[in-house]
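Visitor: There's a structure below that I have some questions on.
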Amino acid sequence: MASYPSLPILENATAFWLPVLSDETGDIKRLKRTVSDGAFNDSSYSDSSNGSIARTNSTSSLNSLPRLHFRDHIWTYTQRYLAAEALEEAAAAIIGPTTENEESKGDGMKLVQQLISCAEAVACRDKSHASVLLSELRANALVFGSSFQRVASCFVQGLADRLALVQPLGTVGYVAPKMNIMDIASEKKEEALRLVYEICPHIQFGHFVANSSILEAFEGESLVHVMDLGMTLGLPNGHQWRGLIQSLAKRSGPPPRLRITAVGLCADRFRVIGDELETYAQSLGLYLEFSVVESSLEHLKPKDIKVLPGEVLVVNSILQLHCVVKESRGALNSVLQIIHELSPKVLVLVEQDSSHNGPFFLGRFMEALHYYSAIFDSLDAVLPKYDTKRAKMEQFYFAEEIKNIVSCEGPARVERHERVDQWRRRMSRAGFQPAPLKMLAQAKQWLKNINVCEGYTIVEEKGCLVLGWKSKPIVAASCWKC
């Protein structure tokens with residue numbers, strides 16, 4: 001494995017530093033281990049005159065330190081190894097294939113190292129060092145540069161926002177952020193969302209899998225009901241349900257009576273979409289009743305959802321449930337409990353397949369850097385370098401997610417994406433049973449039919465379908481029953 005300035009090699013060293021692990025309150029601990037005697041010593045650090053970090057041994061007794069067990073050492077080494085591995089993989093996946101010469105590759109590697117060093121400085125609340133690195137990064141991370149320069153510019157924005165919110169060394173805590181992912185002009189975000197839907201297959205993939213599962217659940221039923229959490233972020237025109245309505249209208253025999261209940265805070269937008277859908281359904285000879293429950297998922301109550309006798313209910317969640325994953329887990333558990341009490345025939349869950357909700361900032365930062373680098377790389381293959389559509393998607397959609405992951409903490413951090421394995425555990429604990437998706441061939445044919453560029457893949461993983469870019473998972477779809 002290659003060595004990096006910010007990730008020292010552990011082997012063949014008489015003394016080495018364990019990684020900085022910063023928790024949600026900003027507490028930081030560095031431990032030094034001398035290989036000869038295996039002792040761990042508490043260390044403090046400060047900026048030396050030459051810019052390096054000077055280490056001073058604590059005068060506290062070794063007995064005053066919390067006892068560290070062997071499994072703690074193994075866990076810490078594993079985190080450092082995974083961080084180094086993630087950095088190397090990200091550099092190889094993004095910098096290597098897209099550079100034309102060794103000089104460009106070297107510049108890309110330097111940019112990666114600067115980003116990681118800056119993230120470490122921000123995690124340590126070292127404002128002076130972080131500010132210097134941010135100035136260097138702003139000069140190299142160009143909004144209209146290479147794919148990695150562009151994604152780096154988004155992370156630079158997030159790091160700058162986070163640095164402005166942390167308190168100086170010697171204090172404890174984290175200033176509550178004033179920014180929010182919805183602070184940007186709504187019309188710009190709406191346009192960016194529309195472009196992401198039209199150009200990237202991420203959301204369309206979720207709609208395809210969800211509608212296929214819902215149609216299967218509605219087979220032979222006359223009264224059917226869809227409970228839609230968030231209405232796909234309020235995507236205009238109700239694209240997903242137009243496809244479902246069309247498919248139901250084409251079925252042999254009398255069409256079913258369809259009800260759609262939208263759950264979310266964008267009630268006015270949902271009602272506009274609902275009116276359009278009712279008109280569209282009527283033109284196809286299908287009866288549709290559209291209703292809105294104006295509530296956040298955290299405050300949803302079982303009485304808010306009206307299920308009629310003899311009605312088959314399905315629940316649709318496209319990129320929504322990660323927003324209620326909090327440190328306490330209570331909010332998500334409450335939502336899942338309510339859904340379970342409604343006894344839906346099927347719950348379709350589509351989420352970003354990446355680990356952006358870990359307990360440590362640096363781990364989340366590395367995961368997000370790897371994940372969004374793959375997305376920006378895919379945009380390179382779809383649109384020309386100076387295309388304004390790409391800039392709008394990157395700056396008003398993906399950059400907003402990145403900044404929320406990097407700069408926010410507590411309730412303000414809503415982009416808490418998790419891997420599909422973690423969702424399996426969460427759903428199982430909530431009493432749901434997996435309903436394996438058996439449509440891999442159809443999904444691959446769908447991907448071929450929509451004529452996206454080469455590089456996108458769909459694989460089946462333990463009953464789930466995962467859309468990826470060059471083997472990097474992007475979005476995972478799963479199906480659950482009570």
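The values are calculated or read from the model by the stated rules, or taken from the named source; none is laboratory data. Remember, predicted model here, so these are calculated numbers, not experimental data. In this analysis, Cβ positions are derived from the backbone assuming ideal geometry, glycine residues included, and neighbour counts consider all displayed protein chains. Calculation scope for accessible area: heavy atoms of the full protein, side chains included, ligands and nucleic acids excluded. Shrake-Rupley method; radii C 1.70, N 1.55, O 1.52, S 1.80 Å.
Visitor: If you check every pair at least six apart or on different chains, which have Cβ atoms under 7 Å apart with a residue in segment 445-456 that is under 19 Å from Ala374 (Cβ atoms) and assigned to a helix (DSSP H, G or I) first and a residue that is open to solvent by less than 30 Å² (accessible area, probe 1.4 Å) and among the aliphatic types (A, V, I, L, M) second?
Guide: Cβ pairs passing all conditions: Leu447/Ile458.
Visitor: Looking at Arg419, Arg424, Arg429 in this structure, which one is open to solvent by 70 Å² or more (accessible area, probe 1.4 Å) and either among the polar types (S, T, N, Q) or more than 30 Å from Arg150 (Cβ to Cβ) (or both)?
Guide: Going through Arg419, Arg424, Arg429 in turn, the sole match is Arg429.
Visitor: Can you go through Val335, Val292, Val382, Val312 and tell me which one is under 23 Å from the mean Cα position of the chain (by Cα) and either among the basic types (Lys, Arg) or under 22 Å from Gly230 (Cα atoms) (or both)?
Guide: Val335
Visitor: Quick check, is Arg257 open to solvent by 40 Å² or more (accessible area, probe 1.4 Å), farther than 17 Å from Val312 by Cα, over 21 Å from the mean Cα position of the chain (by Cα) and among the charged types (D, E, K, R)?
Guide: Against the criterion (open to solvent by 40 Å² or more (accessible area, probe 1.4 Å), farther than 17 Å from Val312 by Cα, over 21 Å from the mean Cα position of the chain (by Cα) and among the charged types (D, E, K, R)), Arg257 does not qualify.
Visitor: Return only the number of the condition from (1) touching a Pro at 6+ places or on another chain (Cβ under 8 Å); (2) part of a helix (DSSP H, G or I) that Gly238 does not satisfy.
Guide: Failing condition for Gly238: (1).
Visitor: Pick out the one residue from Ser212, Ser252 that is of a type in the set (Gly, Ala, Ser), part of a helix (DSSP H, G or I) and over 18 Å from Glu278 (Cβ atoms).
Guide: Ser212
Visitor: Then there's this: Got a sec? Which of Val348, Val324 is within 20 Å of the chain's Cα centre (by Cα), aliphatic (A, V, I, L, M) and at pLDDT below 95?
Guide: The conditions single out Val324.
Visitor: Just give me the residues in segment 214-233 being within 30 Å of Glu191 (Cβ to Cβ) and among the hydroxyl-bearing types (Ser, Thr, Tyr), in sequence order.
Guide: Thr232
Visitor: For segment 449-456, check the following and say yes or no: at least one residue is among the hydroxyl-bearing types (Ser, Thr, Tyr) and surrounded by fewer than 19 Cβ atoms within 10 Å (Cβ to Cβ).
Guide: no
Visitor: Okay, next question. Taking Leu277 as the residue in question, decide whether it is outside any helix (DSSP H, G or I) and crowded, with 17+ Cβ neighbours inside 10 Å.
Guide: No.
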